[in-house]
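A.B. asks: Questions regarding the structure given below will be posed in turn.
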Amino acid sequence: MAQEAPGEDQRAAGFQALVDADHRLEPRDWLPDRYRSMVLRQIAQHAHSEVIGMQPEGNWITRAPSLRRKAILLAKVQDEAGHGLYLYAAAETLGVAREELVARLHDGRQKYSSIFNYPTRTWADVGAIGWLVDGAAITNQLALTRTSYGPYARAMVRICREESFHQRQGFELLWALARGTEAQRRMAQDAVDRWWWPTLMMFGPPDARSPHTAQSMAWRIKRVSNDELRQRFVDMAVPQAAALGLTLPDPELRWNADRGHHDFGPIDWEEFQRVVGGDGPCNAERLRVHRAAHDDGAWVRAAAAAFAAKHRDPVAVPA
Ligand code: FAQ
């Protein structure tokens, strides 16, 4: 007797069993629609963040204080573009074209990280982004190298290697300023004061108010919760700030021997909601610049598409 095709419930149970066994899921596997849309939402937001994230530091490329600093910054900003490419490619394995993902960013259906809506006021901000923002990104992304969706996990491995260099260069930049003139030390401290709290917001809302964490962790898309990652980051940053000789702008920050972690003060979640909702200091500018760059690049995409069409058509390929 012919075997019946498995029903939806059976497939879902089989899928969860694979996830529970830590099986890496691939595009060819059967995936529940909700899993697909959850992974796509996260990868797309991540891809947009990498590309929009080129803007705050990119603003300083022409004003870097030396050739050495300029070469480092150029390489770093180009890396972020590459990260965007890996991630858009990973997202496309879920059946949505990059052009469509960019359209969703432009019309507000998809987001990018709140952190990139803050301005880079001084050269020290480049150091603070490298040390704090890339430091937070690695903390999150190291956990994501074990995410259940194969193409996303593989992209994360490459990205983490580069992010380590990014964090190191930010730390070294602040190190130099902190040991420079009094004005340079003040500039470094001011940058850390402004970037600290927005960096803690990058990890997302507290677990108790995070609508996606429970399902995302059950499907092993996220392997570590928002609050736990935030705590890991704080525990890492405190001794590094001490090594820099800079302070973190939180009077409640202290070691808690009972918990074996640092306690820290309350995060302004209203500010987070405002920024994610579109009302941060640079939201409008970031999207305007992205749209303009996308429009400027239309001829490159048209030429690439024409070339691909010509060479896909065997009649058009020269003998
Ligand atoms: N900004 O339920 P959850 C980088 C949204 S690193 C904006 O906790 P989830 C490197 C969330 O989307 C930055 N929105 O959601 C770099 C959801 O909204 P929705 C990028 C945020 O997904 C460095 C709602 O709040 N890294 O680019 C933020 O389980 C320097 C509820 O939140 C990643 O994207 C936020 N900060 O957890 C580049 C990492 N947080 O969709 C250049 C991958 C939360 O319901 C220079 N993503 N939301 O409307 C993740 O790990 C997760 O998506 C979280 C959020 C942890 C961000």
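A.B. asks: Wholly within region 17-96, which helices (runs of 4 or more DSSP H) include no fewer than the required count, namely at least 1 residues that are more than 16 Å from the ligand (Cβ to nearest atom) and closer than 19 Å to residue 159 by Cβ?
C.D. replies: The qualifying helices (runs of 4 or more DSSP H) are 67-92.
A.B. asks: Looking at region 288-312, I want the residues that are in a helix (DSSP H, G or I) and have a partner that is surrounded by 10 or more Cβ atoms within 10 Å (Cβ to Cβ) and of a type in the set (Val, Ile, Thr) with Cβ atoms under 8 Å, at least 6 apart or on another chain. Which pairs are those?
C.D. replies: Final answer for the pair search is 290/51; 290/52; 294/102.
A.B. asks: Tell me, yes or no, whether region 102-113 has at least one residue that is within 14 Å of the ligand (Cβ to nearest atom), among the basic types (Lys, Arg) and in contact (Cβ under 8 Å) with a residue 40 or more places away in the chain.
C.D. replies: yes
A.B. asks: Which residues, taken from region 154-177, are within 14 Å of the ligand (Cβ to nearest atom), modelled with pLDDT of 95 or more and surrounded by fewer than 17 Cβ atoms within 10 Å (Cβ to Cβ)?
C.D. replies: 168
A.B. asks: Across region 135-171, what is the total count of residues that are in contact (Cβ under 8 Å) with a residue 24 or more places away in the chain, over 25 Å from residue 284 (Cβ atoms) and touching an Asp or Glu at 6+ places or on another chain (Cβ under 7 Å)?
C.D. replies: 7
A.B. asks: Right, next: Would you check if residue 190 is within 11 Å of the ligand (Cβ to nearest atom), part of a helix (DSSP H, G or I) and modelled with pLDDT of 95 or more?
C.D. replies: So residue 190 fails the test.
A.B. asks: Then there's this: Answer with yes or no whether residue 254 is over 28 Å from residue 119 (Cβ atoms) and either open to solvent by 100 Å² or more (accessible area, probe 1.4 Å) or touching a helix residue (DSSP H, G or I) at 6+ places or on another chain (Cβ under 7 Å) (or both).
C.D. replies: Spelling it out, residue 254 is indeed over 28 Å from residue 119 (Cβ atoms) and either open to solvent by 100 Å² or more (accessible area, probe 1.4 Å) or touching a helix residue (DSSP H, G or I) at 6+ places or on another chain (Cβ under 7 Å) (or both).
A.B. asks: Do the conditions hold for residue 139, that is, is it in contact with a helix residue (DSSP H, G or I) (Cβ under 6 Å, 6 or more places away or on another chain), of a type in the set (Ser, Thr, Tyr), more than 14 Å from the ligand (Cβ to nearest atom) and on the phi < 0 side of the Ramachandran plot?
C.D. replies: no
The values are calculated or read from the model by the stated rules, or taken from the named source; none is laboratory data. The structure displayed is predicted, hence computed values, not measured ones. Cβ: placed from backbone, ideal geometry, glycine included. Neighbour counts: every protein chain shown. The accessibility values were calculated without ligands, DNA or RNA, using every heavy atom of the protein model including side chains. Shrake-Rupley method; radii C 1.70, N 1.55, O 1.52, S 1.80 Å.
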